[in-house]
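Notes for the one structure printed next.
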């Protein structure tokens with residue numbers, strides 16, 4: 001064989017794109033960064049009212065902490081009057097803060113009761129179960145079911161209160177009552193966990209884990225024969241409990257004490273009452289406003 005000659009390959013340099021005639025780095029105008037404060041001032045209040053109309057009350061509360069303009073715009077929305085009219089009409093007229101806009105007083109009073117107000121229907125919950133309002137398939141003896149649930153120690157606890165539900169289109173959660181949680185999970189069903197897929201549960205396990213009473217358990221799909229040998233479809237039991245308590249978050253809240261949540265709500269109402277007392281003594285709103 002002859003002498004081997006090493007061959008080296010070299011990439012060709014591509015020609016640089018020529019600039020247009022007369023275009024130099026000296027006559028290019030740099031792009032100025034967007035001034036957020038200037039944008040806030042340029043947009044009229046009607047545009048911000050339209051934008052904020054798509055937010056839930058808890059989202060409005062977080063947005064009001066962005067800047068002073070957002071704070072004053074959000075606290076002047078008509079939604080606070082609507083929530084006060086639906087949720088707090090049973091509590092009597094709201095004690096309006098002296099020398100403070102009416103809508104701002106409504107907003108602060110709604111925030112004070114926000115732990116008990118559903119952000120979808122604006123109804124205030126007092127901890128009484130509303131399971132009989134929408135589960136017609138449970139039959140006519142709903143009162144008997146509730147009495148049996150209490151005798152078994154299956155207190156609804158926090159499940160009847162507005163609980164935080166994570167929205168699928170955002171990373172934040174909002175508080176929904178039982179009825180609104182059922183409607184939400186009807187549109188966005190929760191997946192069946194692997195521990196319940198194709199499994200069977202005994203009556204005792206369904207009582208302890210899913211908090212269903214005997215009348216509700218007997219309506220489930222069952223297997224076996226004999227009164228003591230029955231086993232029930234775990235998936236069917238989970239779906240039933242989700243309907244009754246409003247999703248997995250409602251099932252997890254069964255039996256939890258209401259006292260802590262109600263104490264937190266009372267403390268917020270007391271803080272509003274404290275503001276009312278301070279303003280009535282002649283103090284200005286600027287001294288206590290955030």
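Sorting 107-117, 188-198, 161-171 by average packing, meaning the other beta carbons within 10 Å per residue, from highest down gives 107-117, 161-171, 188-198. Once the chain from residue 62 to residue 42 is taken as fully extended at 0.36 nm per residue, the excess over their C-alpha distance is 5.0 nm. Residues 69, 199, arranged from fewest to most other Cβ atoms within 10 angstrom of their Cβ, appear as 69, 199.
Report the paramagnetic label zone for residue 190: residues of the range 228-247 whose backbone N is under 17 Å from a point 7 Å from Cα along the Cα-to-Cβ axis. From the range 228-247, the list is 234-247. Computed from the C-beta positions of residue 208 and residue 263, the FRET efficiency with R₀ = 22 Å rounds to 0.20. The ranking of 121, 233 from fewest to most other beta carbons within 10 Å of each one's beta carbon is 121, 233. By how many nm would the segment from residue 231 to residue 78 grow when fully extended, if each residue of separation counts as 0.36 nm and the alpha-carbon distance is taken off? The span from residue 231 to residue 78 would gain 49.7 nm if fully extended.
Ordering 200, 175 by the number of other Cβ atoms within 10 Å of each residue's own Cβ, fewest first, gives 200, 175. If R0 is 45 Å, what FRET efficiency do you get for residue 218 and residue 89 from their C-beta distance, rounded to 0.05? Efficiency at R0 = 45 Å is approximately 0.65.
Every number in this text was worked out from the coordinates using simple rules, so none of it is lab data. Just so it is clear, the structure is predicted and the values come from calculations on it, not from any experiment. Backbone-built Cβ (ideal geometry, glycine too); neighbour counts: all protein chains shown.
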